[in-house]
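Just so it is clear, none of the values below were taken in a lab; they were calculated from the coordinates. Remember, predicted model here, so these are calculated numbers, not experimental data. Quick reminder, even Gly has a Cβ in these numbers, built from the backbone with ideal geometry, and neighbours come from all protein chains shown.
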Amino acid sequence: MDSAINGFVRALRAAGVAVSTVETLDAARTVALLGWHDRAVLREAFGTVLAKSEDDRILHDQIFDSYFSLPTQTAPKEEADQPAAADATEADEENLDEQLELERAAQAAGVDEIRWSTQVAYFTGRMMKAMGREGDSELQRKARDVVRRRFELYGAPATEAFMSEVLVQRPIGRLVPSDYERLKAAIARMARRLAQRHSRRRRVHQGERLDLRATLRANAGHDHVPFKLRWRQRRRDKPRIVAVCDVSGSVAAQVRFLLLFLYALHGTVLDLRSFAFSHRLADVSDPMQLLPFDDAREKILSEVGGGSTDYGQAWADLHHEHLSSIDRHTTLLVLGDGRSNYGNPRLDLFSDLAERAARVIWLCPERPGSWGSGDSCMLEYRPWCTSALHCTSVEDFERVIDDVLRVAG
């Protein structure tokens, strides 16, 4: 298969676009049909073949433009082997020869394996050695440019993936402001994974019976030969999640993470209603769904954040004003440390909410060893929870929400 296609697919995968072997073969067939000459047409065709979503398409187009602007990719090898056009100048031929020389040297030096920016000088040296022209400063500049561009395609995404992997495992209490943008990207990827994973779940379950009438109707155009089977599916209510997030001062160090996580869920769960509180409870579903995250966070914190914590009042508000949002199909998801400023925890109301809901999942950023200490009510709330879990990282939260969606779905 053409090395340009393989390199391009590797660049897509490095950036997080999942490209299968079958799709790579489809890209090769696309080139066989269209050729390399019209890059605008090829860009559109590759995007159709290789991108599965709008986000994938954006990445695809960016990587296509970057990859095929590389000096060594302006003319794939099979085109370069064709006789030069009659009116090609000697300079054009020399430039093409140099590009091919750089390409061969890059392959010999293993430049595509670059992972860190500090390796640019090393791979440049290997390229120059492969060409046997260590003293040519002009060619060395061009070789360094090739290596830097390959780092942008292969190394930078790999570095970012490594840093993100470290970040998603880091306790949220140890995050620093410089982690914020990478954290947003990591949580967005988490939300996409959850959405894709749970949108593909099978809808036909064991024990379902063949719907004979529906099958006959569906195959009327095939002389009623049952090519398409129709099953009697049990009615399944749409899963619901009601999320309650503590944004008080006691979780000030984690509140940005908690809200960012909740914000990402709104892109994953179709039927999600979100509330936030410090003292009084407020429905924050609209800003979470309609505003950019930073705007939503500022609005929520300005309206309900920063006050003294009162879990009892939050349960009273939820019980008295939003009780209809919780029923036997609802998962009640609580994000908070359970510290209620020595106020009445209103276990009577929380227990009633728990009995109405299908399950209660409490995700607490504090270690279990601290539960019950000081003004913590976690040990009082825990018996009414289906699960009360210590969650400190993106990885922890993703695992729990994956389980919640699997059960709720």
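Here are a few things to note about the model shown:
- The stretch between residue 13 and residue 178 holds 56.8 nm of extra length on full extension. This uses 0.36 nm per residue minus the Cα-Cα distance.
- Modelled spin labels at residue 129 and residue 26, positioned 7 Å past Cα toward Cβ, are 4.2 nm from each other.
- Over the stretch 240-408: Rg over Rh, Cα atoms, Kirkwood Rh: 0.92
- Potential lengthening between residue 170 and residue 33 on full extension [0.36 nm per residue; Cα-Cα distance subtracted]: 44.5 nm
- Surrounding net charge for residue 315, when Lys and Arg each add one and Asp and Glu each subtract one, Cβ distance under 10 Å: -3
- Available extension along the chain between residue 98 and residue 136 is 12.4 nm, counting 0.36 nm per residue and deducting the alpha carbon span.
- Ranked by the mean number of other Cβ atoms within 10 Å per residue, highest first, peptides 357-368, 118-129 order as 357-368, 118-129.
- Cβ-based net charge around residue 388, under 12 Å, with every Lys or Arg adding one and every Asp or Glu removing one: -1
- Other residues with beta-carbon under 12 Å from the beta-carbon of residue 370 carry, at +1 per Lys or Arg and -1 per Asp or Glu, a net charge of -1.
- Distance from the Cα centroid of the stretch 289-314 to that of the stretch 130-156 is 51 Å (rounded to whole angstrom).
- In nm, spacing of pseudo-spin labels at residue 145 and residue 324 (7 Å Cα→C-beta vector): 6.7 nm
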